[in-house]
1. Count the net charge of all other residues whose Cβ sits under 15 Å from the Cβ of Lys214, scoring Lys and Arg as +1 and Asp and Glu as -1.
2. Listing Ser79, Ser152 from the residue with the fewest other Cβ atoms within 10 Å to the one with the most, what is the order?
3. List the pair-distance distribution P(r) of the stretch 95-157, using every Cα-Cα distance, as the percent of pairs falling in each 5 Å bin from 0 up to the bin containing the longest distance, rounded to whole percents.
4. Give the relative contact order (percent, whole number) for the stretch 9-217; include only Cα pairs under 8 Å separated by 6+ residues.
5. For a 32 Å ceiling on Cα separation, which of these pairs sit above it: Lys65/Lys142; Lys65/Lys191; Lys57/Lys191; Lys80/Lys214; Lys186/Lys214; Lys142/Lys191?
6. Going 7 Å from the Cα of Glu216 toward and past its Cβ, which residues in the stretch 32-76 have a backbone nitrogen under 15 Å from where you end up?
7. Report the paramagnetic label zone for Glu174: residues of the stretch 119-147 whose backbone N is under 11 Å from a point 7 Å from Cα along the Cα-to-Cβ axis.
8. Less than 14 Å Cβ to Cβ from Ile188, Lys/Arg counted +1 and Asp/Glu -1: what total charge do the surrounding residues give?
Amino acid sequence: MTKKINDSTNDLIYLHVAGATVRHTSPYSELNVDENTQPLDSTFIATYVAPFYLQRKDTDEFRQKYLAVKSSIDSKLVSKLLGDFNWRPRSVGAYFAALGSMIELEEHIGKLLLRSDVCYAGNNYCLALASFASPAAVQYLKQYLEYYLEQSDLWFDQNSAMAALSYIGAKQGEDLVTPYIPLWQKFIANKPDWDLAESIELFSQQMNALNEFKREINT
């Protein structure tokens, strides 16, 4: 739901709860994305958000919960998740889009990554784009890195975007990461705990879990 944000206490609380903990402007801040006109109701949240947003994706518990609602999950429902200004439904929506191979939502997810309105959702945007592995998905990741690797004060999802490019490149037999290494090295100069190899390995494990579950769903 579109909301005009001021600096009142209530609005600042709203932003914090939604995950907009770092207020910033970028060349992508005004990208148009589909937004809900009404807040998600409590039943919808209890069914499609609460059981999933903090759940590890490589567990039987997650898979059983997903299978219980899978028949009702389509691109319209996932668009509704992505259209809410809150990291929880957006994160779930991106993961559902990846599981359902909903490449029709690629533009929506790519724009959300570029906008980076809320924290915690970016890794799942990157997982979705990596699962699509299309030229457009690669371009969204590159655009993200070209801007956000230059913003050393924004500790966002640069590691996930680098890992997503690495994953896609490995699958396609192309080195997509090396051109960004100089920017990466500059970006992590004040981030001693950021390890690209670890990020790539973790992302690969997440993609493997995603792809394994997709195979189970489709067989």
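Please treat every number below as a calculation from the coordinates, not as lab data. Source: prediction; values computed, not measured. A quick note on method: Cβ atoms are made from the backbone with ideal geometry, for glycine too, and the neighbour counts reach across all protein chains shown.
1. Values: positive: Lys57, Arg63, Lys70, Lys171, Arg215; negative: Asp58, Glu212, Glu216.
Here the charged neighbours net out to +2.
2. Lowest to highest Cβ neighbour count: Ser152, Ser79.
3. Per 5 Å bin, starting at 0, the Cα pair percentages come out as 3, 20, 32, 24, 13, 5, 1.
4. Numbers: 241 pairs, mean separation 41.5, N = 209.
Taking the mean separation of contacting Cα pairs over the length of the stretch 9-217, I get 20 percent.
5. Details: Lys65/Lys142 34 Å; Lys65/Lys191 37 Å; Lys57/Lys191 27 Å; Lys80/Lys214 22 Å; Lys186/Lys214 37 Å; Lys142/Lys191 21 Å.
Lys65/Lys142; Lys65/Lys191; Lys186/Lys214, as the Cα separations exceed 32 Å there.
6. Of the residues in the stretch 32-76, 56-70 have backbone N under 15 Å from the label point off Glu216.
7. Counting backbone N atoms under 11 Å from the label point, the list is 134-139.
8. Working: positive: Lys186, Lys191; negative: Glu150, Asp153, Asp157, Asp193, Asp195, Glu198.
With Lys, Arg at +1 and Asp, Glu at -1, the neighbours total -4.
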